[in-house]
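Participant: A single structure is presented below for examination.
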Amino acid sequence: MAAAAGLRVVELAGGVGGAKLAHGLQAQLGDRLSVVVNTGDDLERHGLLVCPDHDTVLYTLAGIDNREWGWGIAGETFAASEMLARYGEETWFRLGDRDLATHIVRTRRWRDGERMTTIALDLQAALGVAARILPMTDAPVRTRVRTDEGWLDFQTYFVGRHQEPEVSEVRFDGIGSATATPEVVAAFEAADAIIVAPSNPFVSVAPILAVPGIREAVDAARGRGVPVAAVSGIVGGRAIKGPADRMIASLAGEPPTAVAVARRYAGWVDLFVLDATDAELEGEVRALGFETLVTDTMMVGDAVRARLAGDVLEALAARRR
Ligand code: FO1
């Protein structure tokens with residue numbers, strides 16, 4: 001653990017899996033951890049700007065996350081949402097009363113012209129978060145998925161339609177005019193190691209890499225000998241949470257296995273982390289050119305989150321040139 005504690009680490013994260021690993025990494029690294037989060041899931045609700053991937057990591061690292069759902073705030077109430085429904089407002093995307101405070105502050109400052117990153121870092125400081133959670137870009141990017149019902153906004157698909165429609169294409173509207181923030185570029189330049197969270201390769205990791213400047217920053221870090229690890233979000237042929245397994249079938253046209261995830265990361269990830277359930281896939285992953293680590297990746301509690309983070313950090317510390 002000691003070897004790893006001094007490392008500066010950048011985690012690429014989206015969704016619940018990204019938040020859980022970030023929690024474990026923060027326990028090991030404190031403010032030496034930077035979490036670059038996907039912003040393609042962001043949306044406007046009731047005139048407020050909501051940033052689900054940032055806020056899921058924010059609440060988790062602040063220790064106030066709703067453990068049952070993986071998103072939102074523990075002990076949350078929905079009095080405002082109930083009143084909004086009485087006024088005929090759509091409330092299928094449920095915003096709790098405490099969560100609304102985040103969106104009210106964020107939206108006011110955003111409309112005053114402040115950068116998303118500045119606002120995010122102030123929200124984190126207010127909640128006492130040690131790590132830095134960095135939006136992948138300050139520019140608006142919106143993930144849309146193509147289904148037999150047409151193109152759907154991400155949250156309409158993910159929450160509104162309960163991820164039921166089959167996804168045949170994914171696009172990131174606005175990505176072309178987005179740029180990596182100075183804070184994100186600086187985090188990669190200072191990184192001793194980079195970790196891809198067990199997030200959805202198509203709608204969490206891909207949008208981050210698609211931001212002009214980020215893939216270049218990762219490649220430059222690797223050129224300096226900075227190792228990159230990725231934790232599989234597919235265990236035993238199924239996504240731990242969310243639609244990644246169905247997306248591998250519909251978008252990559254292959255069975256949803258950890259090997260299919262590794263195939264998407266070949267060429268820029270050095271170490272692939274498999275769950276013990278998938279130990280028999282280790283040879284196939286190594287044949288793709290990865291080093292491998294097989295361990296328990298089911299982050300069912302704080303201790304496992306910290307232990308998994310420690311395992312990955314030790315493996316990365318050991319192989320740094
Ligand atoms: N997920 C749901 O399944 N239902 C919801 O009503 C919902 C509301 C919500 C509000 C704020 C927030 O930050 C996240 C919320 N999520 C909800 C989760 C969210 O859709 C996903 O966690 C991410 O977008 C996927 O990475």
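The values are calculated or read from the model by the stated rules, or taken from the named source; none is laboratory data. Bear in mind the structure is a predicted one, so any value in this text is a computation, not a measurement. All Cβ positions, glycine included, derive from the backbone under ideal geometry; neighbour counts span all protein chains shown. When the accessible area is computed, the model is the full protein with side chains, heavy atoms only, and any ligands, DNA or RNA have been set aside. Shrake-Rupley method; radii C 1.70, N 1.55, O 1.52, S 1.80 Å.
Participant: When a/c is below 1.5 the answer is rounded, else prolate if a/b is larger than b/c, else oblate, so apply that to the range 68-127 with a ≥ b ≥ c taken from the square roots of the Cα gyration tensor eigenvalues. Before the final figure, lay out the partial values.
Facilitator: Details: a/c = 2.76, a/b = 1.50, b/c = 1.84.
Here the range 68-127 falls in the oblate category.
Participant: Residue 196's amide H: which non-local residues (gap 5+, or another chain) put their own amide H closer than 5 Å, with H modeled 1.01 Å from N in plane and none for Pro or chain starts?
Facilitator: The list, which skips near neighbours in sequence, is 12, 229, 230, 231.
Participant: In the range 39-76, which residues have a backbone nitrogen under 19 Å from the label point lying 7 Å from residue 97's Cα in the Cα-to-Cβ direction?
Facilitator: 64-67, 72-76
Participant: Quick check on packing: order 227-233, 107-113 by the mean number of other C-beta atoms within 10 Å, highest mean leading. Each step should come with its number before you reach the end.
Facilitator: Details: 227-233: 25.7, 107-113: 12.7.
Going by the mean number of other Cβ atoms within 10 Å, highest first, we get 227-233, 107-113.
Participant: Quick one: among 177, 34, 204, which has the greatest mean-square fluctuation in a GNM of the chain with alpha-carbon springs under 10 angstrom?
Facilitator: Its mean-square fluctuation being the largest, the pick is 177.
Participant: Given the options 66, 118, 91, identify the residue whose Cα lies farthest towards the positive end of the charge dipole of the range 1-155 (+1 on Cβ of Lys, Arg; -1 on Cβ of Asp, Glu).
Facilitator: Selected residue: 118.
Participant: Now for a separate question. Can you list the residues, at least 5 places off or on another chain, whose amide H is less than 5 Å from the amide H of residue 45, using H built in the peptide plane?
Facilitator: 50
Participant: Would you pull out the residues with amide H under 5 Å of residue 170's amide H, same chain only if 5 or more places away, H placed 1.01 Å from N?
Facilitator: Excluding prolines and chain starts, which carry no amide H, the hits are 146.
Participant: Suppose a student asked you for the relative contact order of the range 177-260, using Cα pairs under 8 Å spaced at least 6 residues apart; what percent would you report? Mind showing how you got there, number by number?
Facilitator: On the way: 96 pairs, mean separation 25.4, N = 84.
Value for the range 177-260: 30 percent.
Participant: Treat every Asp and Glu Cβ in the range 203-321 as -1 and every Lys and Arg Cβ as +1, leave all other atoms uncharged, and give the resulting dipole magnitude about the Cα centre to the nearest 20 debye. Kindly include the intermediate steps, with their values, before the conclusion.
Facilitator: Numbers: 14 positive and 15 negative charges, 82 e Å.
Around 400 debye, computed over the range 203-321.
Participant: Moving to a separate point now. Sort out for me the Cα centre separation of the range 128-150 from the range 18-56, rounded to whole Å.
Facilitator: 9 Å
Participant: Moving to a separate point now. Please compute the Kirkwood hydrodynamic radius of the range 249-321 from all pairs of different C-alpha atoms, in Å with one decimal. Can you show the working numbers first?
Facilitator: Working: mean 1/r = 0.0760 Å⁻¹.
Averaging 1/r across every pair of different Cα atoms and inverting gives 13.2 Å.
Participant: What is the angle, in °, between the Cα long axis of helix 214-223 and the longest principal axis of the Cα atoms in the chain? Nearest 10 is fine, range 0 to 90.
Facilitator: For helix 214-223, the angle is close to 20 degrees.
Participant: Under the rule a/c < 1.5 gives rounded, and otherwise a/b versus b/c splits prolate from oblate, where does the range 38-80 land using the Cα gyration tensor?
Facilitator: On the way: a/c = 2.46, a/b = 1.21, b/c = 2.03.
Judged from the Cα gyration tensor, the range 38-80 comes out oblate (a/c at least 1.5, b/c at or above a/b).
Participant: Another question, if that's okay. Take the Cα coordinates of the chain, assign each an equal point scatterer, and use the Debye formula without solvent to give log10 I(q)/I(0) at q = 0.07 Å⁻¹.
Facilitator: Here log10 of I(q) over I(0) equals -0.25.
Participant: Please state the charge dipole magnitude for the chain, taken about the Cα centre, from unit charges on C-beta atoms (+1 on K and R, -1 on D and E), reported in debye and rounded to the nearest 20. If you can, show how the numbers build up before the last one.
Facilitator: On the way: 33 positive and 44 negative charges, 118 e Å.
Dipole of the chain, to the nearest 20 debye: 560 debye.
Participant: Indicate the gyration tensor shape class of the range 74-164 (rounded, prolate or oblate), computed on the Cα atoms with a ≥ b ≥ c the square roots of the eigenvalues: a/c under 1.5 is rounded; otherwise a/b larger than b/c is prolate and the rest oblate. Write down the numbers at each step before the final one.
Facilitator: Details: a/c = 1.96, a/b = 1.25, b/c = 1.56.
Oblate is the answer for the range 74-164, as a/c is 1.5 or above yet b/c matches or exceeds a/b.
Participant: Moving to a separate point now. For a quick check, take a GNM of the chain with Cα springs below 10 Å and name the residue from 258, 197, 85 with the largest mean-square fluctuation.
Facilitator: Result: 85 has the largest fluctuation of those listed.
Participant: Using a 1.4 Å probe over the heavy atoms of the protein chains, calculate the carbon and sulfur portion of the accessible area of the chain as a whole percent. Working shown, then result.
Facilitator: On the way: 6610 of 12910 Å².
Within the chain, the accessible surface is 51 percent carbon and sulfur.
Participant: Something else now. Under the 0.36 nm per residue contour assumption, what length would be gained going from the current alpha-carbon distance of residue 249 and residue 80 to full extension? Don't jump to the answer; show the numbers that get you there.
Facilitator: On the way: separation 169, 0.36 × 169 = 60.84 nm, distance 3.93 nm.
Fully extending the segment from residue 249 to residue 80 adds 56.9 nm.
Participant: Continuing with this model, one more query. Ignoring ligands, DNA and RNA, what accessible area per residue does the chain give at 1.4 Å, in Å²?
Facilitator: 40 Å²
Participant: Compute, for the range 72-203, the length of the dipole vector about the Cα centre, with Cβ point charges of +1 (Lys, Arg) and -1 (Asp, Glu) only. Units Debye, rounded to 20. Before the final figure, lay out the partial values.
Facilitator: Numbers: 14 positive and 20 negative charges, 54 e Å.
Here the range 72-203 has a charge dipole of around 260 debye.
Participant: Give the separation of the Cα centroids, the range 251-273 to the range 206-234, in Å.
Facilitator: Cα centres, the range 251-273 to the range 206-234: 14 Å.
Participant: Which angle between 0 and 90 degrees, to the nearest 10, do you get for helix 52-61 versus the longest principal axis of the chain when only C-alpha atoms count?
Facilitator: 70 degrees
Participant: Sticking with this one: Could you give the angle, 0 to 90 degrees to the nearest 10, between helix 97-111's Cα long axis and the longest principal axis of the Cα atoms of the chain?
Facilitator: 90 degrees
Participant: Would you mind finding the longest exposed-site-free stretch of the chain, with exposed GluC sites (Glu not before Pro) meaning DSSP loop and at most 16 other Cβ atoms within 10 Å? Before the final figure, lay out the partial values.
Facilitator: Numbers: sites that count: 68, 89, 90, 114, 149, 166.
Longest stretch, sites excluded: 167-321.
Participant: Further question on the same structure: Please build a GNM for the chain, connecting alpha carbons under 10 Å apart, and tell me which residue among 223, 14, 289 fluctuates the most.
Facilitator: Among 223, 14, 289, the largest mean-square fluctuation in the Gaussian network model of the chain belongs to 223.
Participant: Only bridges whose two residues both fall in the chain count here: according to DSSP, what percent of them are antiparallel, nearest 5? Numbers along the way, then the final one.
Facilitator: Working: 16 of 40 bridges.
Just about 40 percent of them are antiparallel.
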